[in-house]
Each structure stands twice: as C-alpha cells, then as structure tokens.
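Q: First, the structure itself, so that you have it in front of you.
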Amino acid sequence: MQSKSIQKIVVIGGGIAGLSLAAAVQPWAEVTVLEREPHLGYHASGRSAALFSETYGNALVRALSLASRQAIIDGGFAAHRRGALHVGGVEDSAAAIAVDRIEQATSLRIGRPSTPWAGLRTFSPDRTPVIGFDPRLPGFFWLGGQGGYGFQVSLTLARLGSVLLRGQPLPDDLTARGITSAALAPNRFITPAATP
C-alpha cells in the first residue's frame, strides 16, 4: 500500500483520462498536468466520436462503462442521442470500404472523405485498462490502456485512481459491479523472476 500523504501529483497526458484523474484528485492534491501537444485533448480525445456503448469491451470494461453512465449523464456529456457506425481499421482502404457500404445500404452520398483519421488507441495485452501503482517504480501510478473505451470509462477510472492513490478501498458501488483493483493493477502483467 502506498503512503496516504501524497500531496503532489504530476499527470502525464492531457486527454480525457488524464484530465479526469487530475480533476478527481484536485480536492486533496496539488496537480500538474503535462501535455506534449499545444492543446489539451489534441489526439484521440479531441477527435473521438465519443460513443457510449454498454456492450463494448470485455466484462470488466462493460462494468466500468456502466459505472460511468450516470456521471456522463449528470455531467452533461450525453446531451443528445445519435446513431453510430463502427468502422474498423485506420487505412484509407478501410474508410473507402465503409463509405461504399453506407452508400450501398442507404440513400446517403458521402463521396471521398477529405481527411480520414483514426486516433491511436492504446490497449493492454488483455484489453482491460491498467490502473494502480507500479510495484517496480516507487511512486509511479499507471492509468492507461483505455483502448477505445476512454470516454466511457474515464470518469470511473478517475474515481478509482483517486482512492487507490490514497490507499483507500474501492467504492461499494464499484465492487458491487465486480470491479477489483487486482483486475486492473499493472502487476498482472509482471512475470515473477525465475529462481535458480
């Protein structure tokens, strides 16, 4: 367990996950957000379609998403409903295939996209976010690997981060959904060294 006296926190990355964590710890810590780009939310967060789907991801991601739902609504992030099209791949050919399929199935005429773009999504090996202290690097706390789930899980991950940083137990509403710190911890990827 880490010290409960953490006073200063540096968040590396000004996307939705980093900014959500910074906001969650701000009441009890001095927070600095570092972002390489000239604007916050510049990459995937700033160009996201911000789709919320309760059926997206594995069981743990779905539980995190459901736990975020009310905060997303209460925060005004769900001002309107819209349809969605899931397009896989980041190549121009994938975008062209998607446009062709839309045009074939509907009366829409899209033409050639002027700037096809896809945000890079970082996934952990098990496609579940990583959150918790790194057992090999004292004081280093992970919050990463949201993949394409960032907007729909970031508010819950920020809540988790705030309690984990202070060494507190997870909130009851999250444990009731089967969310555990062990299932999200970075040490799940660390293979113990073989002893001779």
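Q: Can you pull out the residues in segment 138-158 that are surrounded by fewer than 21 Cβ atoms within 10 Å (Cβ to Cβ) and touching a Pro at 6+ places or on another chain (Cβ under 8 Å)?
A: Residues satisfying the conditions are Trp142, Gly144, Gly147.
Q: Specify the residue that is nearest to Ala24 (Cα to Cα); the eligible residues are those in segment 149-196 that are under 18 Å from the mean Cα position of the chain (by Cα) and of a type in the set (S, T, N, Q).
A: Selected residue: Ser162.
Q: Part of a loop (DSSP other than H, G, I, E, B), hydroxyl-bearing (Ser, Thr, Tyr), in contact with a helix residue (DSSP H, G or I) (Cβ under 7 Å, 6 or more places away or on another chain) and modelled with pLDDT of 90 or more: is that true of Thr128 in this structure? It would help to see each step written out before you state the result.
A: Values: part of a loop (DSSP other than H, G, I, E, B): yes; hydroxyl-bearing (Ser, Thr, Tyr): yes; in contact with a helix residue (DSSP H, G or I) (Cβ under 7 Å, 6 or more places away or on another chain): yes; modelled with pLDDT of 90 or more: yes.
Criteria met by Thr128.
The values are calculated or read from the model by the stated rules, or taken from the named source; none is laboratory data. This structure is a prediction, so every number in the text was calculated from the model and none was measured. Cβ sites come from the backbone with ideal geometry, for glycine too, and all protein chains shown count toward neighbours.
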